[in-house]
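A quick write-up on the structure given underneath.
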Ligand code: AMP
């Protein structure tokens, strides 16, 4: 079985995001970029399935500017077999990405697509669900455990109040949640080997998709700063403040 893993290039999760002075977006110049953390988890899961003999090829896909090749190389160094880069300068919205992924799924015919549950830059949490709808495939979202058995996959999902296990018939779309696994670091020999693995480059037009944004960003603002907390002497002083200052009791 082949697995397709979309990997998005996003601002590194350790970076303190700064809003541009004109409020049109966030500052990307000279900012460290990395693979979306949920996509690292998806790549790791695909590799584990391959190591368990359930998968024979892992294809990493990224949509975005030329530098997305680095993101794909990271996936290849972790253990993916080859990459596909959809070259697009400019914002990528979930619907356009889902349509491009659908076109690639039609061409590559994977048995499973493991998408991140959300990208940490736009926090949309939409692409996997949209892809499954476009394909008419089953979906198992927010996965914390995957078990492949024949042409079925058992997905344990993190839902409000607990865990739910669903059985999907493959081909299927799964979105990975934080507790699915802990991604490995690429070893130096694997980083060297990854340089030789192939990455195909295509344009959105080759996939029949118009990537023009459908959403207009009106304004991006920093969240309001919170006032500093206050220390109180005792419970009586706390109750007094809650009653007379905060007026919440
Ligand atoms: P989102 O719906 O934007 O929160 O993204 C959810 C997931 O969709 C990400 O974790 C990726 O797996 C995938 N995805 C979104 N945008 C891209 C992109 N430009 N390139 C590759 N994968 C993407």
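Here, each number is a calculation from the coordinates, and none is a lab measurement. In this text the structure is predicted, and so the values were computed from the model without any measurement. Don't worry about glycine lacking a Cβ; one is built from the backbone with ideal geometry, like all the others, and counts go over all protein chains shown.
The single condition among (1) in contact with a strand residue (DSSP E or B) (Cβ under 9 Å, 6 or more places away or on another chain); (2) within 25 Å of residue 217 (Cβ to Cβ); (3) surrounded by fewer than 23 Cβ atoms within 10 Å (Cβ to Cβ) that residue 116 does not satisfy is (3). Any residue in the range 118-131 that is in contact (Cβ under 8 Å) with a residue 24 or more places away in the chain and within 13 Å of residue 6 (Cα to Cα) sitting within a Cβ distance under 7 Å of a residue that is more than 6 Å from the ligand (Cβ to nearest atom) and part of a helix (DSSP H, G or I)? List the pairs, counting only those 6 or more apart or interchain. Hits for this filter: 127/98; 131/98; 131/101; 131/102. Could you figure out which of (1) surrounded by fewer than 19 Cβ atoms within 10 Å (Cβ to Cβ); (2) closer than 18 Å to residue 34 by Cβ; (3) more than 12 Å from the ligand (Cβ to nearest atom) isn't true of residue 103? Among (1) surrounded by fewer than 19 Cβ atoms within 10 Å (Cβ to Cβ); (2) closer than 18 Å to residue 34 by Cβ; (3) more than 12 Å from the ligand (Cβ to nearest atom), the lone unmet condition for residue 103 is (2).
Of the residues 221, 233, 182, which is in contact with a strand residue (DSSP E or B) (Cβ under 8 Å, 6 or more places away or on another chain) and surrounded by fewer than 14 Cβ atoms within 10 Å (Cβ to Cβ)?
Working: 233 fails: in contact with a strand residue (DSSP E or B) (Cβ under 8 Å, 6 or more places away or on another chain); 182 fails: in contact with a strand residue (DSSP E or B) (Cβ under 8 Å, 6 or more places away or on another chain).
Of the residues listed, the single one that is in contact with a strand residue (DSSP E or B) (Cβ under 8 Å, 6 or more places away or on another chain) and surrounded by fewer than 14 Cβ atoms within 10 Å (Cβ to Cβ) is 221.
Any chance the range 172-179 includes a residue that's within 19 Å of residue 125 (Cα to Cα) and part of a helix (DSSP H, G or I)? Break it down stepwise before answering.
Our first condition is that a residue be within 19 Å of residue 125 (Cα to Cα); within the range 172-179, this holds for 172-179.
Within this subset, residues satisfying the condition of being part of a helix (DSSP H, G or I) are 178-179.
Scanning the range 172-179 turns up at least one residue that is within 19 Å of residue 125 (Cα to Cα) and part of a helix (DSSP H, G or I).
Scanning the range 24-38 turns up one or more residues that are under 18 Å from residue 173 (Cβ atoms), near the ligand (Cβ under 10 Å from one of its atoms) and in contact with a strand residue (DSSP E or B) (Cβ under 9 Å, 6 or more places away or on another chain).
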